[in-house]
1. For the range 130-143: of the residues being at positive phi and at pLDDT below 95, which is most open to solvent (accessible area, probe 1.4 Å)?
2. Kindly indicate the residue of the range 291-303 that is open to solvent by less than 60 Å² (accessible area, probe 1.4 Å) and in contact (Cβ under 8 Å) with a residue 40 or more places away in the chain and also nearest to PHE246 (Cα to Cα) among those meeting that condition.
3. Might you check whether a residue that is within 26 Å of LEU38 (Cβ to Cβ), modelled with pLDDT under 95 and crowded, with 16+ Cβ neighbours inside 10 Å occurs anywhere in the range 267-281?
4. When you check ASN8 against the structure, is it over 25 Å from ASN275 (Cβ atoms), buried (at least 19 other Cβ atoms within 10 Å of the Cβ) and under 16 Å from the mean Cα position of the chain (by Cα), yes or no?
5. Check whether at least one residue in the range 167-177 is surrounded by fewer than 20 Cβ atoms within 10 Å (Cβ to Cβ), over 26 Å from SER121 (Cα atoms) and in contact (Cβ under 8 Å) with a residue 40 or more places away in the chain, and report yes or no.
6. Pick out, from the range 25-129, the helices (runs of 4 or more DSSP H) lying fully within it that include 3 or more residues that are open to solvent by less than 50 Å² (accessible area, probe 1.4 Å) and farther than 22 Å from PHE6 by Cβ.
7. Go through the residues of the range 330-341 one by one and say whether even a single one is in a helix (DSSP H, G or I), open to solvent by 70 Å² or more (accessible area, probe 1.4 Å) and either closer than 26 Å to LYS422 by Cβ or modelled with pLDDT under 95 (or both).
8. If PHE425 passes every condition in (1) open to solvent by less than 60 Å² (accessible area, probe 1.4 Å); (2) of a type outside the set (Gly, Ala, Ser); (3) out of contact with any Ser or Thr (no Cβ under 7 Å at 6 or more places or on another chain); (4) touching a residue at least 24 places away in the same chain (Cβ under 8 Å) but one, which one does it miss?
Amino acid sequence: MNKLKFLNHACFMCEANEFIILCDPWLEGSAFNNGWALLDSSTTNELLLDELSRTQKKIYIWYSHEHSDHFAIPFLKKLKEIKPETKFFFQTTEDDRVVSFLRGNNFDVEVLKDGQVATLSNNSWISISSWKSGDSLSVLNIEGSTILNLNDCIISKDEDCNKIKSILLELKIKNLDILFTQFGYASWCGNEDDVKDRKSEADEKLKRIATQLRILQPTNTILFASFVYFSSEYNFYLNDCQNTPFTVRKSKHLKPYNSDVYFMKPFDVVALDGNLGRALSAITVDAEKHWQDAYTKAKPIEYEEIPSTLEDIVKAFRSYKLRVHGIFIGIFALIELVGVIKPLKVHLIDLNKVVKLSYLRKSVIFDSCDEWDIAMSSDDLMFSISRDFGFDCTHVNGRFRAASKESNNKFLYFSGPQNMLKQGFGFRKPIKTIKEFMRLAKR
């Protein structure tokens, strides 16, 4: 019997006679520099790895992208000890960071081009397609049962959905048995008083799902990849307007599709057969209550933070800036000179200082905190400038405040060079880098 087992957040596994394929295993611990926590803490790496260690079947894992709520390093370290022969699938990227990491740990990795099919068994396969901002989607065919996993891909317009439809047609998919798609907002959505912005963002996510269902017409839809909460004292307020099973069921956008939209909770299992819809219908009420209760019980976690000194922050930013200038031949200093990117003033709330960061000039420290663009802890700023994905992580985890919406835009523009760095752009790939600059300029 082919079956689907839901584990947590964005992770589920499909099991057939010859293999098990696992998607995005993050089962314990925090994500995004202690900014997110799982709503349900009943899953652990140990439980899953114990199950995988006892099987004689082939083990496959697909990672959709590098974000830590999908690509969890602690799980990989333990997997290496128990199932080193596990095979991974990943999308084609400019930077090869994930692939290099996996191969550096002696795992077998197959890098797939968009739309390429990788065989899992005689009658089963997976295909991956890259999407915007480093995300990717997958199409799984488990002996005739087809599953489209959109995870974090931003697919909100008709043209996006039609592109997905074209991907399915290329793969000769006529009937889509399951669509997995997320349903909650997943990044900073304003300061405490910006409740309208968060309500609007939450509503947009539900409207997005309705667009997907109208055009893709899946037989069954399972909502997932949003079973987390903003978990620190500094970002907990962001949970106030988050979508839950209750808001999904009350949504005017999803009313026409309610009977075919389901939830699963950890360890729920359904057979991939002709009774799939009935099986999902039988478990969704309990699953919805489970997640609704989990949202209600969520509390902030007190994470240990080690403050960074101003000297260390300035030194770290200097190193980061030298790297940016070296790889992009100083172009971002020129971009700042013409005013497209502006210097960023960061209020360090634990040090009660403001540091002004610039790609063009030296960093400046101010004792007065009257004027700033972004406020965060010294630990969060150090993390942001010392990791290739730091600014992106901070914007996702929401552990900051913006002086205004314009200040948030300034923050996003200022982090642009780092985002291009982590995606592998630079002078070694001039044509692709110029195309990316043109794309960003148009946007």
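1. SER133
2. Filtering the range 291-303 for residues that are open to solvent by less than 60 Å² (accessible area, probe 1.4 Å) and in contact (Cβ under 8 Å) with a residue 40 or more places away in the chain, the one nearest to PHE246 (Cα to Cα) comes out as GLN292.
3. No: zero hits.
4. Spelling it out, it is not the case that ASN8 is over 25 Å from ASN275 (Cβ atoms), buried (at least 19 other Cβ atoms within 10 Å of the Cβ) and under 16 Å from the mean Cα position of the chain (by Cα).
5. There is no residue in the range 167-177 that is surrounded by fewer than 20 Cβ atoms within 10 Å (Cβ to Cβ), over 26 Å from SER121 (Cα atoms) and in contact (Cβ under 8 Å) with a residue 40 or more places away in the chain.
6. Helices (runs of 4 or more DSSP H) meeting the threshold: 97-104.
7. Yes, because at least one residue in the range 330-341 is in a helix (DSSP H, G or I), open to solvent by 70 Å² or more (accessible area, probe 1.4 Å) and either closer than 26 Å to LYS422 by Cβ or modelled with pLDDT under 95 (or both).
8. (3)
The values are calculated or read from the model by the stated rules, or taken from the named source; none is laboratory data. Given the structure is predicted, the values throughout are model-derived calculations rather than measurements. Here Cβ is always computed from backbone atoms with ideal geometry, including for glycine, and neighbour counts include all displayed protein chains. Accessible surface is based on the protein model in full, side chains and every heavy atom, while ligands, DNA and RNA are left aside. Shrake-Rupley method; radii C 1.70, N 1.55, O 1.52, S 1.80 Å.
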